[in-house]
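Notes follow the structure.
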């Protein structure tokens, strides 16, 4: 799936280095939360996808991707959203997430800021 501008629900593979503190780092997958109309400016709000992070799992900050039909498995970390320059991070769209996953992640992110 080749596209210049990712859209909400796209799963990207990219490099999150450098990352300060306890933020997810290195090569990983992320879920895009912002719409392509915003992302066309070169930035996107994303949430990392990981196999670990027991803190997020145990405190309601994680949305499971397991048994969703996605080839990317793990959990979306709603407590580690970040704005990133997807071109600088060499992002590539690998697939799209199901609507139920996107809605769940957006609801949890909103709960963190409301």
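Values in this text are rule-based calculations from the coordinates and carry no lab data. Remember, predicted model here, so these are calculated numbers, not experimental data. Reconstructed Cβ throughout: ideal geometry from the backbone, glycine too, with neighbour counts over all protein chains shown.
When each of the peptides 8-15, 36-43, 60-67 is scored by the mean number of other C-beta atoms lying within 10 Å of its residues, the order from highest to lowest reads 8-15, 60-67, 36-43.
Over all orientations, segment 40-114 has a Cα convex hull whose mean projected area works out to 5.6 square nanometres.
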